[in-house]
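First up is the structure itself, then whatever we jot down about it.
The values are calculated or read from the model by the stated rules, or taken from the named source; none is laboratory data. In this text, all values refer to a predicted model and were calculated from it rather than measured experimentally. Note that each Cβ is placed from the backbone with ideal geometry, even for glycine, and that neighbours are counted across all protein chains shown.
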Amino acid sequence: MIINVGTKLDSSEKAVNLAYKYDDLFAIVGVHPHHADKLEDDWVRKLTILGEQAKVLAVGEIGLDYFSYKSNGIVDANVQKKVFEQQIMIAHELGKPLQIHNRHAGDDILEILKHHQNSLQRDVPGMFHCFSGNPEFLREVLNLGFYVGFDGNITYEGLAPGETTTLPELVKLAPLDRIVTETDSPYLTPNPHRGTRNEPQYVILVAQEIARIKGISYEDVETQTIQNVKQLFNL
């Protein structure tokens, strides 16, 4: 099974169209915070229509990002928050979970999620994509019922810019029954392939690294994370 994630309206539409070509391919649709200031007037209607499709599992990749990238400056925080909250309400209307993007915005994301807690899916509200933060943030996210996704960057050494806790530390702290594996393809290629285009097949390397960090077998990670995906996305 592969889940392909949109980051704006056109890529979300492409993800949906592609999902219908393959039985084991699914889509997630949403507007990434980088694109929150580049939306058409009727984007809510268009995203809702996409989200209604049977092969769409969640609304994402949505959230907040306060990191300044060379290719994309920081979008106004108030604009990001408004678009994030609008997409939480779309997910509520559709009855689907969230896939959340967070970079250096954990406090604001938690505040918004707690404010809209009654609009989140009751059993499993969603997941945090490419999880980062600190142990306290992880605890808060888990207490809200969210799952956490880990990517190829768990194989990198040291701390990412602006972070205070290494990703292996967070992997160690996160319970296995709340972890899902991701690639973020074509980005975040795991070692030993770092520097090349990431591929979906490299998710195996992510699972192997989780197993190594936790001191358990790869088979245990594989079995449990597959079960987690089914629970998370009601498959």
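Just to be sure before I move on: is Gly145 farther than 14 Å from Pro175 by Cα and of a type in the set (Gly, Ala, Ser) in the structure I sent? Working first, answer last.
Details: farther than 14 Å from Pro175 by Cα: no; of a type in the set (Gly, Ala, Ser): yes.
No: the conditions fail for Gly145.
Among Thr165, Thr155, which is touching a helix residue (DSSP H, G or I) at 6+ places or on another chain (Cβ under 7 Å), polar (S, T, N, Q), surrounded by 21 or more Cβ atoms within 10 Å (Cβ to Cβ) and more than 26 Å from Val56 (Cβ to Cβ)? Before you say what the answer is, go through the steps one by one.
On the way: Thr165 fails: surrounded by 21 or more Cβ atoms within 10 Å (Cβ to Cβ).
One residue alone meets the criteria, Thr155.
Can you tell me which residue is farthest from Gly6 (Cα to Cα) among those in region 184-199 that are modelled with pLDDT of 95 or more and in contact with a helix residue (DSSP H, G or I) (Cβ under 6 Å, 6 or more places away or on another chain)?
Restricting to residues being modelled with pLDDT of 95 or more and in contact with a helix residue (DSSP H, G or I) (Cβ under 6 Å, 6 or more places away or on another chain), the top hit is Asn191.
Any idea how many residues of region 1-13 are at pLDDT 95 or above and exposed (fewer than 15 other Cβ atoms within 10 Å of the Cβ)?
1
Of the residues Phe67, Phe26, only one is surrounded by fewer than 20 Cβ atoms within 10 Å (Cβ to Cβ) and more than 14 Å from the chain's Cα centre (by Cα); which?
Phe67 is the lone residue from the list that is surrounded by fewer than 20 Cβ atoms within 10 Å (Cβ to Cβ) and more than 14 Å from the chain's Cα centre (by Cα).
Keeping to region 200-225, report how many residues are of a type outside the set (S, T, N, Q), out of contact with any helix residue (DSSP H, G or I) (no Cβ under 7 Å at 6 or more places or on another chain) and either loosely packed, with under 13 Cβ neighbours inside 10 Å or in contact (Cβ under 8 Å) with a residue 60 or more places away in the chain (or both).
Residues meeting the conditions: 3.
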